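The next block holds one structure in the form of structure tokens; read it before the comments.
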Amino acid sequence: MEPMIIGHYRCVEYLGAGTFAEVYRAQDIALNREVAGKILKPILATAPQYQEMFQKEAQLVSTLFHQRIATLLEYGEEQGRIYLVMRYVAGANLAEVIAKRGKLPWDEALRILRETAEGLDYAHRQGLVHGDIKPQNILVHPREGAVLTDFGLARMVEVGSVKGSLGVRGTPAYIPPEVWDGQPASPASDQYALGCVLAEMLSGKALFEASTPWAAMKLHSQPPALPQWPAGAPAGLGEVIRKALAQAPQQRFESVLAFCAALQAPPPPPPPPPPPPRGGG
């Protein structure tokens with residue numbers, strides 16, 4: 001089959017599909033560069049409100065320029081097909097890495113977490129929330145390290161038929177309690193999802209995996225049963241993750257970088273031994 005051409009982009013390799021878009025490795029014919037193209041599914045282009053919403057969000061997200069974020073380069077439409085063009089990042093996503101290798105060593109998991117948090121913190125300081133942090137949206141480049149993708153896509157898709165069965169946006173295994181309750185996503189919500197990702201990197205499986213969204217919601221409504229950590233993990237790791245996964249957003253760390261800093265801080269010294277008993281016969 002002939003390669004699909006949309007605008008001045010030639011789609012050369014199908015990379016996969018998500019809930020909202022098909023993803024391609026593409027060639028920018030005009031500038032002779034490799035990019036990632038996301039062609040939104042027809043349901044998202046059938047109403048004017050969708051087109052306006054996508055365009056406004058694309059304009060907003062295109063202001064994010066950070067090495068840990070796959071920058072949005074262009075928003076376009078041709079023959080009723082709406083597409084987004086992003087910086088292409090070679091390498092597997094974190095979900096593929098975990099599926100292939102299972103549990104990751106502590107040092108590697110901490111590095112990926114820290115690099116992801118750098119991109120998130122930058123976006124939070126610009127007033128933007130990702131809203132769909134999960135391993136599939138973290139690309140792992142062999143030299144560049146972790147790079148966040150799909151920034152803003154979860155925020156774009158807010159109208160009726162493209163919501164989940166519970167009217168909640170995001171991926172059930174990573175959605176914090178307040179979002180299940182109908183509150184908007186926030187930097188604290190991204191921190192919660194990042195805590196879920198860390199636990200998954202260290203255990204090899206999702207912390208809140210469930211067969212239905214309803215079952216996932218129930219799991220998120222109670223403190224998680226944390227797995228056994230790998231060798232090299234610091235003392236107090238469970239307490240740090242539990243704080244990032246606190247039920248109330250205000251009980252979590254003040255930022256994703258503070259979450260990372262707590263993971264790198266030395267454990268508190270052990271309490272002094274009790275004094276010997278006095279007296280006696």
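The values are calculated or read from the model by the stated rules, or taken from the named source; none is laboratory data. Just so we're clear, the structure is a prediction, and the values are computed from it rather than from any experiment. All Cβ positions, glycine included, derive from the backbone under ideal geometry; neighbour counts span all protein chains shown. Note: accessible area is taken over every heavy atom of the protein model, side chains too, but ligands, DNA and RNA are not part of it. Shrake-Rupley method; radii C 1.70, N 1.55, O 1.52, S 1.80 Å.
A few remarks follow.
- In segment 247-258, the residues that are surrounded by fewer than 16 Cβ atoms within 10 Å (Cβ to Cβ) form Cβ pairs under 6 Å with partners that are not polar (S, T, N, Q), at six or more places apart or across chains, as follows: Gln247/Pro177.
- Search result, residues across segment 60-91 that are more than 22 Å from Asp121 (Cβ to Cβ), of a type outside the set (A, V, I, L, M, F, W, C) and more than 18 Å from the chain's Cα centre (by Cα): Glu74, Tyr75, Gly76, Glu77, Glu78, Gln79, Gly80, Arg81, Tyr83
- For Ala206, the conditions (1) under 25 Å from Glu108 (Cβ atoms); (2) surrounded by 22 or more Cβ atoms within 10 Å (Cβ to Cβ); (3) hydrophobic (A, V, I, L, M, F, W, C) are fulfilled apart from (2).
- Qualifying position, being within 13 Å of the chain's Cα centre (by Cα), modelled with pLDDT of 95 or more and farther than 24 Å from Pro230 by Cα, among Asp132, Asp121, Asp150: Asp121
- Per the conditions (1) open to solvent by 70 Å² or more (accessible area, probe 1.4 Å); (2) out of contact with any helix residue (DSSP H, G or I) (no Cβ under 9 Å at 6 or more places or on another chain), the sole criterion not satisfied by Arg81 is (2).
- Strands (runs of 3 or more DSSP E) completely within segment 71-147 that count 3 or more residues being more than 30 Å from Pro48 (Cβ to Cβ) and of a type in the set (A, V, I, L, M): 138-141
- On the stretch given as segment 2-21, residues that are under 19 Å from Leu73 (Cα atoms) and either under 18 Å from the mean Cα position of the chain (by Cα) or open to solvent by less than 50 Å² (accessible area, probe 1.4 Å) (or both) total 6.
This table checks each residue for (1) small (Gly, Ala, Ser); (2) open to solvent by 30 Å² or more (accessible area, probe 1.4 Å); (3) more than 30 Å from Ala231 (Cα to Cα).
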position: Gln27; (1), (2), (3): no, yes, yes
position: Gln51; (1), (2), (3): no, yes, yes
position: Ala95; (1), (2), (3): yes, no, no
position: Ala99; (1), (2), (3): yes, yes, no
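- Considered as a group, the residues in segment 184-197 that are more than 11 Å from the chain's Cα centre (by Cα) and modelled with pLDDT of 90 or more include one that is most open to solvent (accessible area, probe 1.4 Å), and that residue is Pro187.
- Flag for Gln126 being surrounded by fewer than 17 Cβ atoms within 10 Å (Cβ to Cβ) and within 27 Å of Glu22 (Cβ to Cβ): no
- Residue in segment 156-174 that is modelled with pLDDT of 90 or more, part of a helix (DSSP H, G or I) and open to solvent by less than 30 Å² (accessible area, probe 1.4 Å) present: yes
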